[in-house]
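K.L.:
Quick one: the structure is below, questions incoming.
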Amino acid sequence: MIDFTYEFPDGRKIRVREMSQHANLRAAKDEEAALRQAVKDGTYKIRAGEDTLAGFAEEFFVKALVKKKASTRAGYLTVYEQHLEKRLGPKRLSEITKNAIDTFSAGLKALKGEKKLEPNTINNVLRVLHRMLVVAKDWGHLKGDVPKAEMLPLGTKDNITIDDYLLPEEAFEFVRSARSDMYRVMALVAVRTGLRLGELRALRWREVDFERAQVNVIRAYSLDEIDLPKGNRRRDVPLPSDALAALAGWKQVAGDRELVFARDDGTRLDHKECEDEFKEMWFLAGLRGCRVQRPTLPVRVNSEGIEKFLAHAEERGSCENYLYLLCRNLNWWLPLLEGRDLNDLDEGEIRRLVLHDQRGPEHFQHQKLTAVRAFIRWTRGEQEPKGSRRPLGVAAKKVGTFPAGKGWHLLRHSFASHCVAAGYHLREVQLWMGHSTIQVTERYAHLAPKKGSTDKLSDARLVQFYGTSTAPEPTNLVHLAEFQSKNSAVALPDLVTGPVFKTGGGR
């Protein structure tokens, strides 16, 4: 190791600390003398292999991950910032030897309590570090061989348990609890096809094949960027008859817009707003101990409440134009609320009431919707929403705790679980799910019906659950109104509520 400090005549100092390229002591001293002279002449540069990991990281994250998916780039950056930057960032690349990596890995394994890391997480950290060192070697920043890290054994991956999927009757209640037509259809398609949330958000009408009754999954949102689905290959997933009918009805409502599931103006759905809606549906469906506890006393429209509401709006300093529109809209939206318990109105019901109402000019629909939302919130003692995109919450307390780490992906697990429980071959399920290996699909294998089972699921092959293998005739398609009103259109059949699920599945 060459380590010296050179002081310039003006008092400036520079420290040089580099690994010697020579094993011979005399040659190493000659090398040090050459470095001193280079510092004195102003020609000294940190040689290859002496950049720090932190210094190299800036270039790595700008250039090395350009072709990676946005989620992959974000994952690399998160791993570096949380685990590598503090412990290995100050080290020079040549100092990150196998011994240093093993010491670093041992430190990660020794973490306890809330900071404890799973073996797979530690392996991901080591993979990111190894990738950075490989790129540093390719770009000439690292001399010598790239040290290899020892990966931790993962053992057998845990099977999917009852906590990871919805029972058929739970899935039905979840679909019914949606606060809007779009999310109702979206939830049904998710639980019937196993599409990921990013794939649902990116799904276009041109990829819904009504003739062949299937969905062509060819793209997905990775964070906010369009990319290939996970695994970088397309797949075709069959559409059950009820999901096909729901999509046909939804297409008539959605019109000519490109995306199947989008906002009213046709723009893409945000990942967070979809996950927030999932939680609302979970509580409204009353799943796994979570439910909505509504007030016992009804809240209804009355003239005294209207006067107080208008006075309240004026006291808040609302502009004259807003108050004028508010008062004018009273004549149009008050009849919609007559006789209704305002505690029972949620965002979906309010939108249906207002947007389907024909009273007043059509261009005042937005003002009507704003007035109804504001009045109901004020009457129920709720806070005004911050921003127009925030949905109106239900007038109730949420009882129970939403399970950590659950979201739309739980519907994907539900789809695979229902298929395996109904006797579909694991290979078929693997293709529909887009799993890279059969080992991933085998996590559901314990749900398969046993030979000689009296429920005969393996023989029925979920015919009632999936309907026919061909698309129904146009005259037989269930339109959206019928889809909403008839439980049979979306109900999961009794066929898949046999012993496999009644016993708790994976527990």
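K.L.:
Among Lys29/Lys63; Lys13/Lys63; Lys115/Lys137; Lys86/Lys112, which pairs are too far apart, with a Cα-Cα distance over 30 Å?
P.N.:
Lys29/Lys63; Lys13/Lys63; Lys115/Lys137
K.L.:
What shape does region 26-128 take by its C-alpha gyration tensor, where a ≥ b ≥ c are the square roots of the eigenvalues and a/c under 1.5 counts as rounded, a/b above b/c as prolate, and the rest as oblate?
P.N.:
Values: a/c = 3.40, a/b = 1.77, b/c = 1.92.
The shape class here is oblate.
K.L.:
Heavy-atom accessible area of Tyr76 with all protein chains present, probe 1.4 Å, nearest 10 Å²?
P.N.:
Approximately 40 Å² of Tyr76 is accessible to the 1.4 Å probe.
K.L.:
Related question: Rank Lys98, Lys69, Lys308 by accessible area, highest first, at a 1.4 Å probe radius?
P.N.:
Ranked list, largest accessible area first: Lys308, Lys98, Lys69.
K.L.:
Additional query: Over 30 Å between C-alpha atoms is what I'm after, so list which of Lys116/Lys148; Lys251/Lys279; Lys143/Lys230 land there.
P.N.:
Result: Lys143/Lys230 exceed 30 Å.
K.L.:
If Phe61, Phe283 are ordered by their accessible area, calculated over protein heavy atoms with a 1.4 Å probe, which sequence runs from highest to lowest?
P.N.:
Phe61, Phe283
K.L.:
Give me the compactness ratio for region 190-347, meaning the Cα radius of gyration over 2.2 N^0.38 Å.
P.N.:
Cα Rg divided by the expected 2.2 N^0.38 Å: 1.44.
K.L.:
Excluding residues fewer than 8 places away in the same chain, name every one of the aspartates and glutamates whose C-alpha is closer than 19 Å to that of Lys69.
P.N.:
Here the aspartates and glutamates satisfying the reach criterion relative to Lys69 are Glu58, Glu59, Glu81, Glu199, Asp224, Glu225, Asp227, Asp270.
K.L.:
In whole Å, what is the distance between the alpha-carbon centres of region 105-140 and region 224-248?
P.N.:
First find each Cα centre; the distance between them is then 34 Å.
K.L.:
Report, to one decimal in Å, the Kirkwood hydrodynamic radius for region 118-273 based on all distinct Cα pairs.
P.N.:
Computed over region 118-273, the radius equals 18.8 Å.
K.L.:
Let me ask something else. Please work out the Cα center distance from region 256-301 to region 149-216, rounded to the nearest Å.
P.N.:
Here the answer is 16 Å between Cα centres.
K.L.:
With every protein chain in place, what's the accessible area of Arg288 (1.4 Å probe, Å², nearest 10)?
P.N.:
Roll a 1.4 Å probe over it and Arg288 shows about 90 Å².
K.L.:
If you don't mind, another one. How much accessible area per residue does region 195-257 have, in Å², with a 1.4 Å probe? Show your work: numbers first, answer last.
P.N.:
Working: 2760 Å² over 63 residues.
Normalised by residue count, the accessible surface of region 195-257 is 44 Å².
K.L.:
When the accessible area of region 295-346 is split by element with a 1.4 Å probe, what percent falls to carbon and sulfur? Could you put the intermediate results ahead of the total?
P.N.:
Details: 1600 of 3270 Å².
Carbon plus sulfur share of accessible area: 49 percent.
K.L.:
May I ask you to give the solvent-accessible area per residue for region 68-137, in square angstrom, as obtained with a 1.4 angstrom probe?
P.N.:
With all protein chains present, region 68-137 gives 54 Å² per residue.
K.L.:
With every protein chain left in place and a probe of 1.4 Å, what is the accessible surface of Phe174, to the nearest 10 Å²?
P.N.:
0
K.L.:
Ignoring ligands, DNA and RNA, what percent of the accessible area of region 137-183 is carbon or sulfur (1.4 Å)?
P.N.:
In region 137-183, the share of accessible area belonging to carbon and sulfur is 50 percent.
K.L.:
How would Cys274, Cys319 line up by accessible area, probe 1.4 Å, largest first?
P.N.:
Details: Cys274 0, Cys319 75 Å².
Most to least solvent-accessible, the answer reads Cys319, Cys274.
The values are calculated or read from the model by the stated rules, or taken from the named source; none is laboratory data. Computed from a predicted structure; not experimentally measured. The accessibility values were calculated without ligands, DNA or RNA, using every heavy atom of the protein model including side chains. Shrake-Rupley method; radii C 1.70, N 1.55, O 1.52, S 1.80 Å.
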